[in-house]
1. Could you list the trypsin sites (Lys or Arg not before Pro) in the range 114-199 that lie in coil according to DSSP, counting only those with at most 12 other Cβ atoms within 10 Å of their Cβ?
2. Could you work out how much longer the chain between ALA35 and ARG153 gets when fully extended? Use 0.36 nm per residue separation minus the Cα distance between them, nm to one decimal.
3. Quick one: accessible area per residue over the chain, 1.4 Å probe, rounded to a whole number of Å²?
4. Using only DSSP helix segments of four residues or longer, with each worth -39500 (n - 2.57), what per-residue ellipticity at 222 nm results for the chain after dividing by its residue count and rounding to 500?
5. Relative contact order for the range 10-212 using alpha-carbon pairs under 8 Å, separation at least 6, rounded to a whole percent?
6. How would you classify the range 10-212 from its alpha-carbon gyration tensor, with a ≥ b ≥ c the square roots of the eigenvalues: rounded for a/c under 1.5, else prolate if a/b is greater than b/c, otherwise oblate?
7. To the nearest 10 square angstrom, how much accessible area does ARG102 have with a 1.4 angstrom probe?
8. Leaving out ligands, DNA and RNA, what percent of the accessible area of the chain is carbon and sulfur, probe 1.4 Å?
Amino acid sequence: MAASPRWTGFFLTFEGPEGSGKSTQIRRLRDHLVAAGRSVLLTREPGGTPFGDKIRALLLDPGGGPLEPATEACLMLAQRAEHLRQVIRPALSAGTVVLCDRYADSSLAYQGYARGLGADLIRELHERTLGDFLPDLTVLFDIDPAQGLERARHGGKKSFDRMESEAVAFHQKVRNGYLDLAGREPHRFLVIDAAVPPDRVFSALLQGLQERSPGIL
Ligand code: TYD
């Protein structure tokens, strides 16, 4: 199953603009893998540890007002460092399939591209502070943010966190950032069209995984 000699498990991350339906798809995949007898850990960022959950609350508080891009980037990196050390690496060493709802590419897309810090700076911070941090595979659920935010509203979502409350133009930069990242690392990214109905998204996800990493299915 291992994609690399780094660990015996498999590190699969999920990314996308707001309203891509990502979290629902990840839970469905988790159930599918568990039914196939895999040992699976579903986790998320920001969060994943008690420390990370506190940082998450600080970062997403809609009443928290604007933060400096550097503040956002450093808090995201801080929770990731703890998440990697306390949760992700031990699970991968134990042979677990780790499904992580958002990870480093969120920092590249949101803080690097959309907040304007630059993807190079964010990548370098990761490389220099976290060491070997890259996932084995990253699924990008791609959707036009206008459609994604509309979908979230239609889904009954009434309150929006600090990031979701940003203008559509911000979310457009996030999406373009993701697409740029995926274009630069096609071997690591699996891009899925998330604008189609959820069942079709899930079929495309399974098919993509079958082609790219059949060992985990
Ligand atoms: P969440 O409610 O988990 O969003 P979603 O359901 O869309 O995944 O909130 C996470 C928010 O934090 C989301 O807007 C993306 C943002 N984020 C960053 O800006 N940088 C990061 O490194 C991470 C992990 C998340």
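The values are calculated or read from the model by the stated rules, or taken from the named source; none is laboratory data. A quick note: this is a predicted structure, and the numbers were derived from the prediction, not measured. Positions of Cβ are backbone-derived with ideal geometry, glycine not excepted, and every protein chain shown enters the neighbour counts. The accessibility values were calculated without ligands, DNA or RNA, using every heavy atom of the protein model including side chains. Shrake-Rupley method; radii C 1.70, N 1.55, O 1.52, S 1.80 Å.
1. Working: sites: ARG115, ARG123, ARG128, ARG151, ARG153, LYS157, LYS158, ARG162, LYS173, ARG175, ARG184, ARG188; in loops: ARG115, LYS157, LYS158, ARG162, ARG188.
Passing both the DSSP loop test and the Cβ count: LYS158.
2. Numbers: separation 118, 0.36 × 118 = 42.48 nm, distance 3.21 nm.
The span from ALA35 to ARG153 would gain 39.3 nm if fully extended.
3. On the way: 9890 Å² over 217 residues.
Ligands and nucleic acids excluded, the figure is 46 Å² per residue.
4. Details: 8 runs with 99 residues, N = 217.
Taken over the chain, the calculation gives -14500 deg cm²/dmol.
5. Details: 297 pairs, mean separation 66.4, N = 203.
Across the range 10-212, relative contact order equals 33 percent.
6. Values: a/c = 1.41, a/b = 1.10, b/c = 1.28.
Because its axes are fairly even, with a/c under 1.5, the range 10-212 counts as rounded.
7. About 40 Å², rounded to the nearest 10.
8. On the way: 5380 of 9890 Å².
Accessible surface attributable to carbon and sulfur in the chain totals 54 percent.
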